[in-house]
Amino acid sequence: MPLMEHLRELRGRLTKAMIALILGAVVGYFVYDIVWEILKAPYCSLPESEAVDPEGCSLIVTGPFDAFFVAFKVWAFVGALVSAPFWLYQLWAFVAPALHSREKKYAYIFAPLAALLFIGGACLAYYVTALALTMLFGFLPEDALTFLTIGEYLDYMVVMMGMFGLGFVLPLLVALLNLTGILPHAALAKWRRVIIFASFAVAAIITPAEPISMLALAVPLVVLFEIAELFAFLNDRRKRRDDPYADLDDDEISELDDQLSPLDDTESEPETGKRT
């Protein structure tokens, strides 16, 4: 297809995805109260929230537009989750024509696994949030009261769940790159220490300044990367067993075979005719 045709198709796919997101946000509008109660539950389980409001847990509002922005973020969050199958299909339909049949097969296998890993990481972040807040609030003096703004708390929850989910999907992408031949096991083994250090560094950056959240993200990341490296090792060994030239680079000079070919053993017949 010409470039302009690709751009027109991309515009159409994005338009359909945006319509699906808007319809999903409408669903989020009707389930806003239920979703907010679920997101607020980790904070409500803390003793510090009872000290501020003995009858429940309350988050304060500091600006006239905070309530609308919080509601809009929840609508968008629910809309992205509800419409995920549709807008992911639009993305897949745009990319699929450029993939080989083997790559399509891998994508069909890894897409459900990626969804499960993302959900697992988000759920882990949801349950770790209460422990992280407990440790952070533990540094407060005894006569201090905890007043969190509703916007700050929602941003904290969404970022934690999103980052944990994406972090759990990254090792799966490493395995997919190995299957396609882009990332061999030798490169993973060479950079193993750097990957482990980067896992802890990234976990320390995207989580609050306390060890529980950092370890809750970094340790599973390292374990999943080790599983991905083991998968790459087994896959590369299988390739070497099936193809003896799999380890050779494209620019590497192969060894010459000094054995005679069957054609070399046959002598050419003498010419019997005369050229006129």
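The values are calculated or read from the model by the stated rules, or taken from the named source; none is laboratory data. All of these numbers come straight from a predicted model, not from anything done at the bench. In this analysis, Cβ positions are derived from the backbone assuming ideal geometry, glycine residues included, and neighbour counts consider all displayed protein chains. Surface areas here come from the heavy atoms of the whole protein model, side chains and all, with no ligands, DNA or RNA. Shrake-Rupley method; radii C 1.70, N 1.55, O 1.52, S 1.80 Å.
What tally of residues in the range 6-27 results from selecting those that are free of Cβ contacts under 8 Å to residues at least 40 places away in the same chain and either within 23 Å of the chain's Cα centre (by Cα) or over 16 Å from TRP75 (Cβ atoms) (or both)?
Final tally of qualifying residues: 7.
Select from the range 5-48 the residues that are modelled with pLDDT of 85 or more and outside any helix (DSSP H, G or I) and list them in ascending order.
Answer for the range 5-48, where residues must be modelled with pLDDT of 85 or more and outside any helix (DSSP H, G or I): just VAL31.
Does TYR126 fit the bill of being open to solvent by less than 80 Å² (accessible area, probe 1.4 Å), of a type in the set (Phe, Trp, Tyr) and either in a helix (DSSP H, G or I) or modelled with pLDDT of 85 or more (or both)?
Against the criterion (open to solvent by less than 80 Å² (accessible area, probe 1.4 Å), of a type in the set (Phe, Trp, Tyr) and either in a helix (DSSP H, G or I) or modelled with pLDDT of 85 or more (or both)), TYR126 qualifies.
Is it true that LYS104 is open to solvent by 50 Å² or more (accessible area, probe 1.4 Å), of a type in the set (D, E, K, R), farther than 22 Å from VAL219 by Cβ and over 19 Å from the mean Cα position of the chain (by Cα)?
No, not satisfied.
Taking the criterion of being in a helix (DSSP H, G or I) and open to solvent by 50 Å² or more (accessible area, probe 1.4 Å), would at least one residue in the range 160-168 satisfy it?
Yes, there is a match, as at least one residue in the range 160-168 is in a helix (DSSP H, G or I) and open to solvent by 50 Å² or more (accessible area, probe 1.4 Å).
Going by what's in this entry, would ALA204 be described as assigned to a helix (DSSP H, G or I), among the aliphatic types (A, V, I, L, M) and at pLDDT below 85?
When the stated conditions are applied, ALA204 passes them.
When you look at THR146, is it in contact (Cβ under 8 Å) with a residue 12 or more places away in the chain, β-branched (Val, Ile, Thr), under 30 Å from PHE65 (Cα atoms) and not in a helix (DSSP H, G or I), yes or no?
yes
Which of (1) crowded, with 19+ Cβ neighbours inside 10 Å; (2) within 28 Å of HIS6 (Cα to Cα) is the odd one out, the single condition PRO85 does not satisfy?
That leaves (1) as the condition not met.
Would you check if ALA115 is under 23 Å from VAL82 (Cα atoms) and within 16 Å of the chain's Cα centre (by Cα)?
Against the criterion (under 23 Å from VAL82 (Cα atoms) and within 16 Å of the chain's Cα centre (by Cα)), ALA115 qualifies.
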